[in-house]
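The values are calculated or read from the model by the stated rules, or taken from the named source; none is laboratory data. Computed from a predicted model, the values in this text were never measured in an experiment. Reconstructed Cβ throughout: ideal geometry from the backbone, glycine too, with neighbour counts over all protein chains shown. What goes into the accessible areas is simple: the full protein's heavy atoms, side chains included, and nothing from ligands, DNA or RNA. Shrake-Rupley method; radii C 1.70, N 1.55, O 1.52, S 1.80 Å.
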Amino acid sequence: MQVVYSPDGMLHDPPTEVTRGEAKPYLESPARLASIKAFIDSQPNQFNVISPQDYSLTPIVQVHEQDYIEFLSTIHQDWVKDGMPASGTTGEAFVLSNVVGKLDPAVLKKNVNQTATGRIGYYTFDMSVAFMKDTWRAAYVSAQIAMTAAHKLLKEQSPSIYALCRPPGHHATCNVAGGYCFINNVAVVTRFVQDYTIEEMDTMVKALEYDEKNSLIPSAPKPSARSSSSSRKKVLIVDIDHHHGNGTQDIFYDDPSVMYVSLHGYPDYPFFTGSTEEIGEGEGKGYNINIPLNPKTTTDEIYLENLKGVLQSQAVIDFGAEFVIVSMGLDTWHEDPVAGMKGIKKVETYFEMGKLIKNSKSTTGRQVLFVQEGGYTIEKLGLLAGRVLQGFME
């Protein structure tokens, strides 16, 4: 299996975060990437590491709003200009609709743009997102990793590929960062697969030579094949991260061309989403499936039973996915310091996850793109990632 990886993912390295009322070392650390890369390198007969290429900002702004992207790329510099410490670019006051709901949006935007602190409060929703000098570079390259993987997969017609992304993405909406996530890699690559032909991908790709100024300008043409949701390629997103992917759900909530399936701890972060009642809206009604699982009582067997059940369900089979993307979070492991299903204690459960993704009726025969999301048990992370991928390759 090919693995798309860049050391630029190591550049995002905040020192601390505040969660559960405590300041602690930043758990979404470069050590996560190092752990997975070390396992991949230890299995040269199974994995072939390749570098990402650059597809420009254009596919990213097909999903994320331009002003949000400008925020991500400039906030650390603006924060430092405001006299704030370079190591502490995090929010302290967040925009909530029940606080500013009666304000004219233009007035609100004017207010928040007065300070870097205001901008952070407008474009983020929690204190887990911290911005460093190279955070934008890491996030931009992370999205390019996902697009490179999709292009390779489609062009070479291989069964699967692994996008070793960092930072992760599934909590980011089209205009708000949170949960360690800045660009929603899975959402970007979903639209990339749906809206660009392989020939267009071939034309737009270039060597990745990161230039901060150039990366802020959409330099590739919009896809000529851009189509309505009724004629887009059908993409099934299977999110196995412990946390509900609120951002991915939000982006595709009214889109019948994308079926989003999430198995996650509930009630748990992000606290406001993830219930079974969230089934989509408008034309997308019925294409959003949440499988909330009790983190205290979910065992290896219960998890696999639920994963098998949803992938073999008639609704997912009838969707008729043409392409499958896995949001591959690994924080379901019982020792995870951020999350963890307390009864998931067998490494082989992750191997079985990979097998189910390969062999279930709704996914078998489809190309599968694995995109790295969460997982924070550093000493086990590489092994857990490897077992999912090895289960699929068996």
| query | How many nm is it between the label spots at Val107 and Glu209, if each spot is 7 Å from the Cα in line with the beta carbon? | reply | 5.0
| Between Lys345 and Ala315, what FRET efficiency follows from the Cβ-Cβ distance if R0 is 30 Å, with the result rounded to 0.05? | 0.45
| Given a 1.4 Å probe, how much area per residue of the chain is accessible, in Å²? | 40
| task | Note down the relative contact order for region 33-160 as a percent, whole number, built from C-alpha pairs under 8 angstrom at least six residues apart. | result | 33
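Kindly work out what percent of the DSSP beta bridges joining two residues of the chain are antiparallel, to the nearest 5.
On the way: 8 of 41 bridges.
So the antiparallel bridges in the chain amount to around 20 percent.
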| note | Surrounding charge for Arg119, neighbours by C-beta under 14 angstrom, Lys/Arg +1, Asp/Glu -1, total -3
| remark: For Lys346, counting only aspartates and glutamates whose alpha-carbon sits under 14 Å away and dropping same-chain residues fewer than eight positions off, the answer is Asp300, Glu301, Asp331, Glu335, Asp336
| message | For Lys155, give me every one of the aspartates and glutamates with a C-alpha distance below 19 angstrom, ignoring sequence neighbours fewer than eight places off in its own chain. | response | Asp54, Asp195, Glu199, Glu200, Asp202, Glu322
| task | Note down the nm distance, to one decimal, between modelled labels 7 Å out along Cα→Cβ at Lys133 and at Ile279. | result | 5.3
| task | Largest first and in whole Å, give the semi-axes of region 1-147's equivalent ellipsoid, each being the square root of 5 times a Cα gyration tensor eigenvalue. | result | 33, 19, 13
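Could you pull out the trypsin sites (Lys or Arg not before Pro) across region 153-260 that fall in loop regions by DSSP (anything but H, G, I, E, B) with no more than 13 other Cβ atoms inside 10 Å? All intermediate terms of the calculation are to be shown ahead of the outcome.
Details: sites: Lys155, Arg191, Lys206, Lys213, Arg226, Arg232, Lys233, Lys234; in loops: Lys213, Arg226, Arg232, Lys233, Lys234.
Passing both the DSSP loop test and the Cβ count: Lys213, Arg226.
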| query | Given a Förster distance of 45 angstrom, what is the FRET efficiency for Lys233 paired with Glu92, based on the Cβ-Cβ distance and rounded to 0.05? | reply | 0.60
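What is the gain in length, in nm to one decimal, between Val99 and Thr197 on full extension, counting 0.36 nm per residue of separation less the C-alpha to C-alpha distance? Can you show the working numbers first?
Working: separation 98, 0.36 × 98 = 35.28 nm, distance 4.41 nm.
Result: 30.9 nm gained on full extension.
222 nm [θ] for the chain, helices only, -39500 (n - 2.57) per DSSP H run of 4+, per residue, to 500?
Numbers: 14 runs with 144 residues, N = 394.
Counting only the DSSP helices, I get -11000 deg cm²/dmol.
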| remark: Of Val129, Val99, Val189, the most mobile residue in a GNM of the chain (C-alpha springs, cutoff 10 Å) is Val99
| Quick one: how many Å² of Trp333 are accessible to a 1.4 Å probe, rounded to 10? | 10
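In region 180-324, what is the volume of the convex hull around the alpha carbon atoms, normalised per residue and reported in Å³? Please report the intermediate quantities before stating the final value.
Details: hull volume 20.8 nm³, N = 145.
Dividing the Cα hull volume of region 180-324 by its residue count gives 144 Å³.
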| query | Among the DSSP beta bridges whose two residues both lie in region 228-332, what percent are antiparallel, rounded to the nearest 5? | reply | 0
| Qualifying lysines (Cα of each under 23 Å from Cα of Lys109; at least 8 residues distant if same chain) | Lys81
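Compactness ratio of the chain: Cα Rg over 2.2 N^0.38 Å, N = residue count? Don't skip to the answer; put the middle values down first.
Working: Rg = 19.7 Å, N = 394, 2.2 N^0.38 = 21.3 Å.
Output field value: 0.92.
Suppose R0 equals 25 Å; then what is the FRET efficiency for Gln43 and Glu379 from their Cβ-Cβ distance, rounded to the nearest 0.05? Write down the numbers at each step before the final one.
On the way: r = 17 Å, r/R0 = 0.69.
Result of the calculation: an efficiency of 0.90.
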